Each structure stands twice: as C-alpha cells, then as structure tokens.
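The values are calculated or read from the model by the stated rules, or taken from the named source; none is laboratory data. Since the structure is predicted, the reported quantities are computational estimates derived from the model, not experimental observations. Heads up, the Cβs are rebuilt from the backbone with ideal geometry, glycines too, and the neighbour counts pull from every protein chain shown.
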Amino acid sequence: MQCRQTVASVVVAVVLVGTVFAAAETRKEFHFKVHRRASVSLVNQYGPITVKPSSGKVVSVTAILNSDKVEVENSHRGNRISVVSHLLSGADNDSGRVEYQVLVPADSNVTLHSGTGPLHAEHLTGDVILESNTANIDVRDLSGGHVHIKTLSGPVTLTNVSDGHVEITSVGGDVAMKGVNGPLVHVNSTSGRILYDGDFGGGGEYALMTHTGDIQATAPSYASIDVEATSTQGKVENDFTLQPSHSLAARIGSGFAGTMGQAASSVKLLSFSGRIHLKKR
Amino acid sequence: MTCEEFERVLPELEGDHNLEQHEHVKSCPLCFDLVSDLNAISQEAHWIGHGQDPSPRVWNSIENLLRQEGLIRDPQPQLVLVPPKAAGWRFAWLMPITAALFFGAGLILIHQRVPVQRASTPVVAANQPIQPGAPADAEEGQLLKLVASRAPAMRTAYESNLRAVDAYIHDAEVSVHNNPNDENAQQYLMNAYEQRAMVYEMAMDRSIQ
C-alpha cells in the first residue's frame, strides 16, 4: 500500500515537472551586421516589441517565446532584416506570445506590425512605421526621421518627436502628443481624442482632424501660428487673442481663425462633431 | 558673360562688341565660330545688289509654266449663299427683337426648371443613424468574414471600427453634398475614406492575423 502511494506520488511529480518544462519560456538571440540606414521589420501578433538604439552597426534581436506554439523566423538580405513570429496550430494570445527586445543602429528604418503589442520605439533618427490593431504605441525622442502610425483602437503617445513628418491615422485610439514639432504633423482620427501639448514649432504644417473625437491643443503664449479651428457641430473654445480675430460662424458650424506672433506654422484643428479647445499653457 | 547671354544680345550688336563681349568671343570657341559664320554670310549677302532682280520676261515665263501645270488658275465665279443686302434688309429690325424674344423665353424656361431641380435634391440631415445590426454593405460583410476566419477575436473590433468609419463617411458625404465648395468638408471626406482604406488594409494584412 505504501509502495503504491509512493509510486503514485513519483508519477505525479514527474508529470508536474514535465508540464513546467513544456511551458517554460524559450529565449533566442539573433545578431545581424548591417550598413548605414538598414531596414528592420518585425511582425508579432501577440506580445510587446521594444526598439532602442544600439552602438555600432549591429542589429540585435532578443526574443522570449512563451511556448512552443510559436516560432521565430528571421531573414537577412543585404541591408534588410525581417523577423516574424509564426504562430503554430493551437496558438492563442498566451501561448503565441513573444516578447522582443531589439537594438538597432539609430539611423535604421524600423517597421513594426503587431496585433496586441505594446510597441515602443525611442532615440532613433531613421523612419519609423508602426501598425497595430489594438496595441499601445509609445514613441519618444525621435528626430529627423518620418513617423507613420496606423492603429484601429490602440492609444498612441508621442513624446519629443521632431524634425520629421508625423502622420497618424487612428480610428478609435486616442492620440497624445507632447513636444512634437516638425515640418508636417497630420493626425486623422474618427472617434479618438487628440491631445497636443507643444509649441507648434518648426514652421510646419499641423493638421489635427477628427470626426467625433475632441481636440485639445495646448500651446505657449509665444507660439507663432496661423490657426484655424472649425467644428461643424461641436463647441469651439480659444484661450488666445488672435490677430486678426474673427469668427467663422458664417461658414459651416463654429470656429475661429487668426494669427499669433509671426504665424510661422500653419495649424488646422478640424472636428465634425467633437469639441475643440486651444488652450494657453 | 555666358554663351546664352551672348547669343541673346548678338542680334542687336550689328558687328559692334563691347569689351566683355569681345573677351567672351575670344575665349569661347563656339561663340567665335558662330560670329565668324555670321560675318561670312553677311559678306556674301552684300554682293546680292539691287541690279540683279529678274526681268519681267522671266516672271512671265514662270507664270505660263505654272498655268500649264495647273498650279495656278483664273478665279472662278463663286456661289453666293447669302444674297447681298437688298430687299431682305428692310426687315433687319426684326432680328434683334426675335433674339430678345428667344432669350426671354429661355430665361423663363430656366427659372421654371430650377425649383424643380432644387426640390429633387433636398438638404440631407447629418448624423442620420445607421441601422443597428446590419452590415454596411456586402463588401464589408465579406471583409468581416475574412477577419473572422483569420482572427475570430478581432471580428467584433473590426465591425465596430467599420461602423464608426461608415458614420464618418456618411456625415462627410452629407457635408460635401450640402456645401460642395467648403474645403473643410472635402477634407473630412478624404479623411473618412482614408480611414476606411486603412481598416481594409489592416484587415487584409495576413502578416498580423
């Protein structure tokens, strides 16, 4: 009797240990030598991707796989690197999860596709393209490169992005920008809110447009802008004294337009039925 | 001085060059050759004097030859469709009156038509609700089926996003219809279609399904 109990305990222990091993994470590392302005592309359905600058001309990818239901495929052709998470049969958002930590030369052009994310990129000077269904997208300290972001409903945050084109298309995700300046900043949202906190600098063209989402733009008193704000059905508020100041009530909906300072940058705040507020910092 | 500048002023020089032009001609072989050719032509043309025009006998023989070839003919009497002004002009004063009558009739017809046209295109109210529970169209239904087959968990999200975008397109189209010259209305419509294109593109992107 005691012998049977001992055997049963051993069997259970063996089964448990085997289960643990099967569920253990797998860590894989890849290193690629590249030249200047390499193209790096990552596709990951489930799990975060973080991209930071490396020292030297090497792309380093660390992938932590949650299970054996997902595998990582990579290719290196010339100056182009591609890494893809390939889901196997039976994978779900837990077993198919892969966490990526990527180091790239700062001048690399980076493209990230993700289903759930989150996606993070920082301190890069090349072009950055981020596409996601619902992932949190966080981009900070980019300069000189173009930033293109597409999301269905994931929130987007940009911090200290300058000297490049910024184009964001979001259906329902909120877009928050702090310290974002450049020759072109275009945000197109259906129902997501747009929050801008910056000085509209760089002599650029800024267009923040929504269907039903609210727009709140916060600028300093020394901002140099030529601003037009119009909401077809929503409310429009302005904390600044504009020159010349006139109401756009004669047009469709309500709005205001005018200039501040030297009117170096063009600012358009358009919403079909959302509320627009140009706030003074 | 460049060659382009020199060629531009060359017709006005008549053989006289200032210091700058002279220096350019000396240093540029192309312009030097050009000036040399022009001077040569000018010298040859000088020898064609006033006393060298052909005699009238020569002109007559050329004319006869051209008539024999049929290249020149005597002018034929022309058929006149509009008779010269004679009796008809006694009623010329009727023409402006007739024109005015036609013009007035045309104006009346146009005014009668415009209210009919306006009535047929009434102002459409914005924010008309989309029927709940019905896919926007067959195309979107196909797209949602595709999404469901690849990533069932995402179907609901795509459907709600498509509805939001369809509402955007609807409102933007109404706005453009009511205010066709409004640039902002046009911008809304472009934005709305851009949103829709993005949703379709992401739904069909196999790489993240």
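Descriptive notes on the structure:
- From A:269, A:278, residue being at pLDDT 95 or above, under 19 Å from residue A:190 (Cβ atoms) and part of a strand (DSSP E or B): A:269
- Residues that are in contact with a Leu (Cβ under 8 Å, 6 or more places away or on another chain) and closer than 15 Å to residue B:187 by Cβ, drawn from the stretch A:209-248: A:209, A:210, A:215, A:228, A:229, A:230, A:231
- Exactly one residue among A:61, A:98, A:110, A:102 is at pLDDT 95 or above, within 14 Å of chain B (Cβ to nearest Cβ), under 23 Å from the mean Cα position of the chain (by Cα) and under 21 Å from residue A:130 (Cβ atoms), and that residue is A:98.
- All positions within the stretch B:157-197 that are under 16 Å from residue B:144 (Cβ atoms) and at the interface with chain A (Cβ under 7 Å from one of its Cβ atoms): B:157, B:161, B:164, B:165
- Of the residues making up the stretch A:80-95, just one is more than 14 Å from chain B (Cβ to nearest Cβ) and surrounded by 18 or more Cβ atoms within 10 Å (Cβ to Cβ), namely A:81.
- Evaluation of residue A:142 against (1) surrounded by fewer than 21 Cβ atoms within 10 Å (Cβ to Cβ); (2) assigned by TED's automatic domain parsing to the domain that holds residue A:172; (3) not small (Gly, Ala, Ser) (one fails), failing number: (1)
- Selection count where residues are among the β-branched types (Val, Ile, Thr) and more than 14 Å from every other protein chain (Cβ to nearest Cβ), scope the stretch A:133-159: 4
- Count of residues meeting criterion [farther than 17 Å from residue A:106 by Cα and surrounded by 15 or more Cβ atoms within 10 Å (Cβ to Cβ)] in the stretch A:24-69: 14
- In the stretch A:79-93, the residues that are outside any strand (DSSP E or B) and over 22 Å from the mean Cα position of the chain (by Cα): A:79, A:88, A:89, A:90, A:91, A:92
- Looking only at the stretch B:148-168, and only at residues there that are closer than 11 Å to residue A:152 by Cβ and either touching a Gly at 6+ places or on another chain (Cβ under 9 Å) or among the aliphatic types (A, V, I, L, M) (or both), the one that is surrounded by the most Cβ atoms within 10 Å (Cβ to Cβ): B:165
- Some residue of the stretch A:159-176 being under 11 Å from the mean Cα position of the chain (by Cα) and either in contact (Cβ under 8 Å) with a residue 40 or more places away in the chain or within 17 Å of residue A:278 (Cα to Cα) (or both): yes
- For the stretch A:118-139, the candidate set comprises residues that are under 10 Å from the mean Cα position of the chain (by Cα) and either in a loop (DSSP other than H, G, I, E, B) or of a type outside the set (A, V, I, L, M, F, W, C) (or both); within that set, the residue that is surrounded by the most Cβ atoms within 10 Å (Cβ to Cβ) is A:135.
- When the stretch A:180-195 is filtered for residues that are crowded, with 19+ Cβ neighbours inside 10 Å and over 24 Å from residue A:133 (Cβ atoms), the ones remaining, listed by number, are A:181, A:182.
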